[in-house]
Every structure is written in C-alpha cells, then in structure tokens.
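One structure follows; several queries about it will come next.
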Amino acid sequence: MRKKIVAGNWKMNKGFQEAEELIEELISLFEEQEVKSEVILCPPFTYLEMASDYAQEGYFHIGAQNISPFPAGAYTGEVSASMLESMDITHCIIGHSERRKYFNEDDKMLTAKVNQALMHKLVPIFCVGEALPEREAEKHFEVVRRQVRHGLFHLDTNEFQKVIIAYEPVWAIGTGVTATPAQAAEMHAYIRTLITERYGAEVAEATMILYGGSCNAKNAAEIFAQPGVDGGLIGGASLDAEEFHSICKQA
Ligand code: PGA
C-alpha cells in the first residue's frame, strides 16, 4: 500500500509569530503521537525559511504554494524554483484553483511551472478540479482530463513519476461542502485511467492522488478510506495544530 500524504495549504494566513507557534505546536503533537502519513506544510513564502529550519526535526517536509514559470531575471515579485531549491524546499503546489481563478494561470503557464519545479528537484503538487457549473453540466471529467493532460502529460515517465496530483473540486474548497466519498473515489479512479492510458498501469498505480476541499478532522477518515485516495490537501483545517494533527493521524 502507498503511504498516505497529508499536505497543509496555509494560503495567505497568519503573521510570522502565529506561523511559528503553529509549527511548534504541531511538532509537540507529532512528538506525543507520531503519524504514519507523510506530512507536507505549505506556508506563505515569507515563512519558508523559518519553517524549513523546523523541518530538520523530521516530522514534515516544506512546500511552497506557488512558483514562477520563469527561471530567473527581471520578473518583479516572483519567486523561482531555483531559489526554493537553494533553501531546501522540497515541494510546490502548482495550479491551485485560486491561482487559476484570481491570477489567470492557464494551462500553458502551469506547464512551464511544472517544468521549472522538476528542473529544480521540487515535487509538484499539481491541482485539478472542476467548478460547480462544470459539474452541474456534467463536464467534470472533461475539465479534469484537460487539466491533467495539458499540465502533465508532456512529461516523460521518469518525470511524471515525481508528481503528486490533488483533485480539488472548486465547489468544495473553503465552502464546508465536501465531495461525497463516492464522488472523490470516482474522480480519482478516472484520473488513474488517464494515467494508465498515457504511462501504463504500473505508473498509474504508483501515482499519489490527494483529495482536497473542506477536508477536516471529522470527515478525513471516511475520505481517506476511499479506494484510490492517497491522502489530502488541507486548507482551512491545516491552520489549527490539533485539527491538522488529527487529520494526519487518520491518513
Ligand atoms: P479547504 O481548502 O480545505 O479550506 O477547502 C483546500 C485547498 O484549497 O487546498
């Protein structure tokens, strides 16, 4: 069985001191009770250095929430994959629906970000997921197929095997409405079928596919128990140490 992964996406939350307190609290909870799952924390850029120091204790990895599609140079305000590599950051969320929506990140830009990440040894946590009108129009498979193909299927097998996928139905993010366990299982199975067609069954079987969208300590166990769900990408519920630790325990 694949070891499950729980990633916490803090988004644009917490001041520096609060962020440090959250990490310290998490570490004491992990010390009290270790978890079997692999844990990844994705704080805002400004806290990455502090967080990566704490990661030395071995309880979690650190990921960024975004990277530049460009390698280096005159791109004011951007942070490159090579900068993150130089700070021992190991993961990077790419293509989160909030980036797609509020910052107009399209498939072409996300392809470039995935390439930058892999070039600099960052594991992309590549997000896909349909919006509510798309699900209502029964276009969810089509949307996710396009996102997965455009974002990832240019990779060769070796590169693709480094990627983590997160299925996050947009209508479930931050809304308190989760996909039903059956809806999550169905889409995860579909994504695996796409991977099988492109890279073969063995690669598909080994690919980590996380669920994200209003996952919390109360519903995590049921979602993580679904076939093909390899863990979760947690937003709101990752901002509280006890809640997040509880989610990690259930994976
Ligand atoms: P949420 O966010 O858990 O707050 O719904 C998930 C995400 O956006 O990754």
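If we keep just the residues of the stretch 242-251 that are assigned to a helix (DSSP H, G or I) and either of a type outside the set (S, T, N, Q) or near the ligand (Cβ under 10 Å from one of its atoms) (or both), which is nearest to GLU38 (Cα to Cα)?
Among those residues, the one meeting the criterion is CYS248.
OK, next. Please specify each residue of the stretch 133-170 satisfying the condition of being within 14 Å of the ligand (Cβ to nearest atom) and either among the aliphatic types (A, V, I, L, M) or part of a loop (DSSP other than H, G, I, E, B) (or both).
ILE164, ILE165, ALA166, GLU168, PRO169, VAL170
Against the condition over 19 Å from CYS127 (Cα atoms) and either touching a Phe, Trp or Tyr at 6+ places or on another chain (Cβ under 9 Å) or crowded, with 20+ Cβ neighbours inside 10 Å (or both), how does GLN161 come out, does it pass?
No, not satisfied.
Further, regarding this structure: If I ask for residues that are in a loop (DSSP other than H, G, I, E, B) and either under 16 Å from GLY8 (Cα atoms) or free of Cβ contacts under 8 Å to residues at least 24 places away in the same chain (or both), which ones from the stretch 96-122 would you list?
Correct list: HIS96, PHE103, ASN104, GLU105, ASP106.
Between ILE67, ILE93, ILE23, ILE125, which is outside any helix (DSSP H, G or I), away from the ligand (no atom under 16 Å from the Cβ), under 21 Å from LEU233 (Cβ atoms) and open to solvent by less than 10 Å² (accessible area, probe 1.4 Å)? Can you show your working first?
Details: ILE93 fails: away from the ligand (no atom under 16 Å from the Cβ); ILE23 fails: outside any helix (DSSP H, G or I); ILE125 fails: away from the ligand (no atom under 16 Å from the Cβ).
After applying the criteria, what remains is ILE67.
Pairs please, first residue from the stretch 76-93 and of a type in the set (D, E, K, R), second anywhere and open to solvent by less than 60 Å² (accessible area, probe 1.4 Å), Cβ atoms under 9 Å, 6+ apart in sequence or on different chains.
GLU78/ILE67; GLU78/SER68; GLU78/PRO69; GLU85/HIS120; GLU85/LEU122; ASP88/SER52; ASP88/ALA55; ASP88/ILE62
Failed condition for TYR190, given (1) in a helix (DSSP H, G or I); (2) within 15 Å of the chain's Cα centre (by Cα); (3) not hydrophobic (A, V, I, L, M, F, W, C), with all others met?
Looking at each condition in turn, TYR190 falls short on (2).
A further question on this structure: Here are some conditions: (1) under 17 Å from the mean Cα position of the chain (by Cα); (2) within 16 Å of the ligand (Cβ to nearest atom). GLN183 meets all but one. Which one does it not meet?
Here GLN183 clears every test but (1).
Separate question: Filter the stretch 36-64 for residues that are open to solvent by 20 Å² or more (accessible area, probe 1.4 Å), of a type outside the set (A, V, I, L, M, F, W, C) and in contact (Cβ under 8 Å) with a residue 12 or more places away in the chain and give the result.
If the condition is that a residue be open to solvent by 20 Å² or more (accessible area, probe 1.4 Å), of a type outside the set (A, V, I, L, M, F, W, C) and in contact (Cβ under 8 Å) with a residue 12 or more places away in the chain, then LYS36, GLU38, PRO44, THR46, TYR47, GLU49, TYR54, GLU57, TYR59, HIS61 are the ones that fit.
Another question, then. Is it the case, given these coordinates, that ILE195 is surrounded by 21 or more Cβ atoms within 10 Å (Cβ to Cβ) and within 16 Å of the ligand (Cβ to nearest atom)?
no
Search the stretch 231-241 for residues being open to solvent by 10 Å² or more (accessible area, probe 1.4 Å) and within 16 Å of the chain's Cα centre (by Cα), and hand back the single one that is farthest from the ligand (Cβ to nearest atom).
Step by step, filter the stretch 231-241, then rank; the result is LEU239.
Now, a different point. Do you know which of the residues in the stretch 198-220 that are more than 12 Å from the ligand (Cβ to nearest atom) and closer than 17 Å to GLY8 by Cβ is surrounded by the fewest Cβ atoms within 10 Å (Cβ to Cβ)?
Applying the filter and picking the extreme gives LYS218.
The values are calculated or read from the model by the stated rules, or taken from the named source; none is laboratory data. Just so you know, these numbers come straight off a predicted model, no measurement behind them. Glycine also receives a Cβ, built like all others from the backbone with ideal geometry; neighbour counts cover every protein chain displayed. Protein only, heavy atoms only, side chains kept; ligands, DNA and RNA dropped before computing areas. Shrake-Rupley method; radii C 1.70, N 1.55, O 1.52, S 1.80 Å.
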